[in-house]
Amino acid sequence: MTEYADWSAIFRSAIESAYDAVLITDAELDLPGPRVLYVNAAFTEMTGWPAEEIIGRTPRVLQGAETNPQVLRRLREALEAGRSFDARAINYRYDGTAFHLEWRTAPIRDARGRITHYMSIQRDVTAEQRLMGRLQQLADFDDLTAVHTRHPAENTLKVEIKRAERHGVPLTVIMLDIDHFKAVNDKHGHACGDDVLQQMTRLISGRLRESDLLARWGGEEFLAVLPHTAIEGAREAAEAIRGLVEQAVFIDEIGITLSLGVAAHMPGDTPGSLVKRADDALYAAKAAGRNRVVTR
């Protein structure tokens, strides 16, 4: 086995060529410390900070308006307790641009177990965060109509039901379905049917308030959640939507109508029970001849 006389030089060379950014500070946690003692080339490449300008400063120069103070508080608590700390946060480059950072900071101890330095290993995860955000958006919004999908609507209902029960405020939902939509697809084709769905959801969204939520529940069935709205107000909104869609002329001179069911929150409701009453009202509207609103 080859003997090496200077392991410190080997470790320094390894850190300097590492893919991840490495930052080493002294162990002074109180202001103005800690002071940066070393950064590797990956740190300079990631942040834009030249080594000669960051050394002697505090890592706080990397923080800014969007850096989460709760994460920094937990970091401080962990380091004071002598523990390592893993987290994600937003930091800022030398030119002021924000980026998402994943890092681990750990104490370095001497032979007596005393903390002498802290070492932070960091990675830019901005691209990953953007991808996660895009995937979440795709999961939360219907690709065709751009309204919410069922899952976020169910979560919103849970929140609004809790608010309604805690504060005694009204809550209503409208379930709506396009009458004889299969005939539209059969006669004009699915591409035309998709255009109708897009135009219809734009009309309905324009009629609802900012605080309301419209979701594609499945196929040509949609759910509107109306917080702080009593049954009469919801019925008026449903009638307005019904009339708006009935009077609209869609692509290829297509005309459609809606059947709508309206239900108000009752004590003890779950999202499932509230939606079921609206769904029952919707099918009652269809059974009564379609193109009408029924309340439950």
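The values are calculated or read from the model by the stated rules, or taken from the named source; none is laboratory data. Please read these numbers as outputs of a predicted model, since none were measured by experiment. Cβ atoms come from the backbone with ideal geometry, glycine included; neighbour counts cover every protein chain shown.
Within segment 126-141, is there a residue that is free of Cβ contacts under 8 Å to residues at least 12 places away in the same chain, buried (at least 16 other Cβ atoms within 10 Å of the Cβ) and farther than 20 Å from A78 by Cα? Among the residues of segment 126-141, at least one is free of Cβ contacts under 8 Å to residues at least 12 places away in the same chain, buried (at least 16 other Cβ atoms within 10 Å of the Cβ) and farther than 20 Å from A78 by Cα, which makes the answer yes.
Can you tell me which residues in segment 244-262 are of a type in the set (A, V, I, L, M) and either on the phi > 0 side of the Ramachandran plot or touching a helix residue (DSSP H, G or I) at 6+ places or on another chain (Cβ under 9 Å) (or both)? Residues satisfying the conditions are L244, V245, A248, I251, I254, I256, L258, L260, V262. Among the residues of segment 206-254, those that are of a type in the set (S, T, N, Q) and either modelled with pLDDT of 95 or more or not assigned by TED's automatic domain parsing to the domain that holds P152 (or both) comprise T229, Q247. Checked against (1) assigned to a loop (DSSP other than H, G, I, E, B); (2) closer than 21 Å to A98 by Cα; (3) in contact with a Phe, Trp or Tyr (Cβ under 9 Å, 6 or more places away or on another chain), L29 meets all criteria but (2). When G255, G261, G243 are checked against the criterion of being small (G, A, S), surrounded by fewer than 22 Cβ atoms within 10 Å (Cβ to Cβ) and touching an Asp or Glu at 6+ places or on another chain (Cβ under 9 Å), a single residue qualifies: G255. Scoring T270 on the criteria (1) crowded, with 16+ Cβ neighbours inside 10 Å; (2) under 20 Å from A153 (Cβ atoms); (3) within 31 Å of the chain's Cα centre (by Cα) leaves a single failure, condition (1).
If the condition is being within 19 Å of P170 (Cβ to Cβ), outside any helix (DSSP H, G or I) and among the hydrophobic types (A, V, I, L, M, F, W, C), then segment 258-294 contributes L260, V262, A263, A264, M266, V293, V294. For G33, the conditions (1) in contact with a strand residue (DSSP E or B) (Cβ under 8 Å, 6 or more places away or on another chain); (2) free of Cβ contacts under 8 Å to residues at least 24 places away in the same chain all hold with the exception of (2).
Just one residue in the set A65, A89 is modelled with pLDDT under 95, exposed (fewer than 11 other Cβ atoms within 10 Å of the Cβ) and not assigned by TED's automatic domain parsing to the domain that holds D212; that residue is A65.
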